[in-house]
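Have a look at the structure below, then the notes.
The values are calculated or read from the model by the stated rules, or taken from the named source; none is laboratory data. Because the structure is a prediction, the values reported are computed rather than measured. When we count neighbours, we look across all protein chains shown, and the Cβ atoms used for this are built from the backbone with ideal geometry, even at glycine.
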């Protein structure tokens, strides 16, 4: 009884009055199911209304009357309408009834009405009691998880909700709900919004409370009542409320025990063999392994063929060994300090590596592919990458509903609550071009960060509260109850298969060791770790339970332990034969057949990236038309398409049309193109218009790019959420899935990539070195100083160039295939094209070259409509290629010995320099050379130019500030190319803290100042 009082007191915030109020709203959640089963009682007169009470009939009549009234007050007599309205408004007992007008003045009607008045207090109590019970049921459904026994240590609540003060001083009665102890043995009819009755429609209050506690207040806490879908709520209620749902067969229990043995003994084996090594073990949450295997088994049973997983480092080795089934010797050899690295890349620590494995699922006897993505210590950074790869696999196998490919994400509690990328990824979950049709999130809730207590780590009651934003149900479970864990994981997998929505499993556990095996947790959490030292391991707890039940004998259990220990020892022996670490054994996204041709390595060459005149004209005509009938476009867009058609007829293209040519030609050749980012469909600068919108029909669109050829590959262009970190990670994952796709992410302005810096730093720049995983993602970063202020000017090229791996002090050996070899050896390619044709070529080269590298493109803004920034079809015909540099082709190149200055530059500033040179009449004296490919640096071509103009000053000119942009990257490389006695001068803006000024006049003054410097032939004489 004390437990009852405590529970009721804790559930108190959900009041009967609130419940009644909610019931009176349209489509009441609690009454809706009941209303479907009721026949409305229409226009009852007073004699009929009073009759049940005069004759002492069942209370069911009152309930039906009440539900009929909820549906429509006119369904009942006015006397009932007044009574229910007053009762719902909180009228004190005995005062809700008001006498209705006389019913035709008949003696019989008056007598019945008077009898009803006399019976009213009992009627009112009856209705209020039923409402109270319904309110109580709803309170358990909403807040029962706060009472659940979730903490295995038993020392703290899993949430941060303050404990109600009146738990200790609880009232002797259930007065808050209008009930008391005398009501505990009364039988109440159950509403259709609960399944605790099973096949019974009514239960005593005492039994109702007992069953609610069994459903919601044991080792499982269910958060779901915030979901605004009745069917989904009913589905969850049925899974947890129906009596006897959590029953397991003997075989299931034995399988669960065997999985617990493997999970636990694996960690213990590593601890015995390498006690002084970091491994970020799973001790304290060993039930994670059977949890994941249960999810995979259930999903495989539903038809899933591929599971892509992402997780932080805690427990990764155990997951690799016992879920993905990586060979144990490959894991054990990683601990050998004498292990030599293979030639490929720098590698990464063992608990960051990924894995790809196709095997038979023994439970379902079906093939399943498991992929664990490599992830750095940036715990949640892998979340969107996993989602992108999952989306790509679904796309390539035609899985439009997520029935064959799915994702599982593992999280730590502190990271799940603390890192914004979790929120960004959740908000991709239902977007049409980003949804993976439901992800199962598993939180390993250690109830602590590194050393940070939850109260210092989050402001929400649970670490999982971020999932509520997408109406994902959250299942909290005590990780020391493996059967509860198994049941919850089964339900989560069923939920995902049924509704294709995200779901969260919160494994409330503890961390037996410190943050790593070398760390001392007693420094900061002494009381918690005193309890942990006393805590039995979950394997011991569960084994003793099954032995007591007779499900297994102690001998069988010990034999299972010995069997797995032997497997580990044998693998340990074999691991000593491994002398070299081959990172290729740890690939998470293999590309079979891509790197070979007819069984031989591909040649290090790239065919011409040009197109025939016919193809250029055809794609240009598509780009300037609307290939749908009765489609009305905006008048301004009509002018844009007309100007495109004019350019095509003149054999010219601007930036947008060159991009159209590149994309369209690749699609025609069967290469899928995906362009993603904020506002990419139209283009931030209203230049692209790849999606046309009918001006008269809502949501009717036309994508001309998908009308190029009958057998073309599909073109995906999709506006993203206002996210950089999440969306760039997603596109990176998409690009991992296949090398035969051009995947591009465009920043709204290049400046904004800095909020995705983690993806760039941890995955794109060093990805191949760490994980031997090539990736061909393209980053389009609008860049240029046009006086738009410090946040809309610079894509920070200095950051990308700083991370390039070519040596500035070594002039490479030049060979016939030098350009391709340079590309193959670099970590990424950085370009700043000054012509539409070169942009066209670099995009096509990205696919036609025999390998994949990330491509960073600093794209223009003002050049999109610059009259001189146009290219002839002649520069895009067969035989043409991307130009790493563009030499001066004017009067200066005709007499190089007379040239006094060579200005090297890149990008938009070229057009400002040529205009200034023309205004000053210095076409003969000054040559301007554009370096289009900044990295890998074109040493060979720069040398040709410096040798040609042997008598000229060498100047690097940029519009960016001196401590930004390209200067610090370019200068040492040009110096390596030329005679060291020949200086390289600088012309550009002075060093500054901000990337650009916000004042237009200052911007123009700075521009003119560095142009003056660039063309003042005496500016650098005698000084360096």
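Among (1) outside any loop (DSSP other than H, G, I, E, B); (2) at pLDDT 95 or above, which single condition is residue 429 missing?
Condition not satisfied by residue 429: (1).
In the list 860, 812, 766, 790, which residue meets the criterion of being more than 24 Å from the chain's Cα centre (by Cα) and in the same structural domain as residue 688 (by TED's automatic domain parsing)?
860
Looking at (1) under 33 Å from the mean Cα position of the chain (by Cα); (2) more than 22 Å from residue 741 (Cα to Cα), which is the only condition residue 638 fails?
Among (1) under 33 Å from the mean Cα position of the chain (by Cα); (2) more than 22 Å from residue 741 (Cα to Cα), the lone unmet condition for residue 638 is (1).
How many residues are closer than 20 Å to residue 925 by Cβ and assigned to a loop (DSSP other than H, G, I, E, B) if we restrict to region 991-1017?
So the count comes out to 2.
If only one of 511, 496 is in the same structural domain as residue 401 (by TED's automatic domain parsing), farther than 17 Å from residue 542 by Cβ and modelled with pLDDT under 95, which one is it?
The unique qualifying residue is 511.
Determine if region 121-140 includes at least one residue that is in contact with a strand residue (DSSP E or B) (Cβ under 8 Å, 6 or more places away or on another chain), at pLDDT 75 or above and part of a loop (DSSP other than H, G, I, E, B).
no
Select from region 400-420 the residues that are part of a helix (DSSP H, G or I) and either free of Cβ contacts under 8 Å to residues at least 60 places away in the same chain or buried (at least 24 other Cβ atoms within 10 Å of the Cβ) (or both) and list them in ascending order.
The answer is 413, 414, 416, 417, 418.
Being free of Cβ contacts under 8 Å to residues at least 40 places away in the same chain and in a loop (DSSP other than H, G, I, E, B) is the filter here, so list the residues in region 862-921 that pass it.
Matches in region 862-921: 867, 889, 890, 895, 921.
Might you let me know whether region 562-577 holds any residue that is within 25 Å of residue 483 (Cα to Cα) and without any contact (Cβ under 8 Å) to a residue 40 or more places away in the chain?
Yes, the conditions are met somewhere in region 562-577.
Free of Cβ contacts under 8 Å to residues at least 24 places away in the same chain and under 18 Å from residue 798 (Cβ atoms): is that true of residue 962 in this structure?
Against the criterion (free of Cβ contacts under 8 Å to residues at least 24 places away in the same chain and under 18 Å from residue 798 (Cβ atoms)), residue 962 does not qualify.
Restricted to region 922-952, and to residues that are part of a helix (DSSP H, G or I) and in contact with a strand residue (DSSP E or B) (Cβ under 8 Å, 6 or more places away or on another chain), which residue is surrounded by the most Cβ atoms within 10 Å (Cβ to Cβ)?
945
Of the residues 298, 326, only one is under 27 Å from the mean Cα position of the chain (by Cα) and either within 29 Å of residue 531 (Cβ to Cβ) or assigned to a helix (DSSP H, G or I) (or both); which?
Result: 298 is the single residue among 298, 326 that is under 27 Å from the mean Cα position of the chain (by Cα) and either within 29 Å of residue 531 (Cβ to Cβ) or assigned to a helix (DSSP H, G or I) (or both).
Somewhere in region 633-643, is a residue touching a helix residue (DSSP H, G or I) at 6+ places or on another chain (Cβ under 8 Å) and not in a helix (DSSP H, G or I)?
Looking through region 633-643, at least one residue is touching a helix residue (DSSP H, G or I) at 6+ places or on another chain (Cβ under 8 Å) and not in a helix (DSSP H, G or I).
For the subset of region 742-753 comprising residues that are crowded, with 23+ Cβ neighbours inside 10 Å and more than 19 Å from the chain's Cα centre (by Cα), which member is farthest from residue 854 (Cα to Cα)?
750
Regarding region 273-280, can at least one residue be identified that is assigned by TED's automatic domain parsing to the domain that holds residue 386, assigned to a helix (DSSP H, G or I) and either at pLDDT below 90 or more than 30 Å from residue 488 (Cβ to Cβ) (or both)?
Within region 273-280 (the criterion being assigned by TED's automatic domain parsing to the domain that holds residue 386, assigned to a helix (DSSP H, G or I) and either at pLDDT below 90 or more than 30 Å from residue 488 (Cβ to Cβ) (or both)), the answer is yes, since at least one residue qualifies.
Determine, yes or no, whether residue 756 is surrounded by fewer than 23 Cβ atoms within 10 Å (Cβ to Cβ) and in contact with a strand residue (DSSP E or B) (Cβ under 9 Å, 6 or more places away or on another chain).
no
Find the residue count for region 475-502, including only residues that are farther than 21 Å from residue 243 by Cβ and either free of Cβ contacts under 8 Å to residues at least 60 places away in the same chain or surrounded by fewer than 24 Cβ atoms within 10 Å (Cβ to Cβ) (or both).
5
Within the bounds of region 565-579, is there any residue that is surrounded by 15 or more Cβ atoms within 10 Å (Cβ to Cβ), at pLDDT 95 or above and part of a loop (DSSP other than H, G, I, E, B)?
No, region 565-579 has no match at all.
Given the criteria in a helix (DSSP H, G or I), in the same structural domain as residue 497 (by TED's automatic domain parsing), closer than 17 Å to residue 493 by Cβ and in contact with a strand residue (DSSP E or B) (Cβ under 8 Å, 6 or more places away or on another chain), does residue 436 qualify?
no
Out of curiosity, is residue 607 without any contact (Cβ under 8 Å) to a residue 12 or more places away in the chain and within 38 Å of the chain's Cα centre (by Cα)?
For residue 607, the condition - without any contact (Cβ under 8 Å) to a residue 12 or more places away in the chain and within 38 Å of the chain's Cα centre (by Cα) - is not met.
Would a scan of region 715-724 turn up a residue that is in the same structural domain as residue 661 (by TED's automatic domain parsing) and farther than 27 Å from residue 637 by Cβ?
The answer is yes; a qualifying residue exists.
So residue 652 passes all but one of these: (1) under 23 Å from residue 847 (Cβ atoms); (2) in contact (Cβ under 8 Å) with a residue 40 or more places away in the chain. Which condition number does it fail?
Going through the list (1) under 23 Å from residue 847 (Cβ atoms); (2) in contact (Cβ under 8 Å) with a residue 40 or more places away in the chain, residue 652 breaks only (1).
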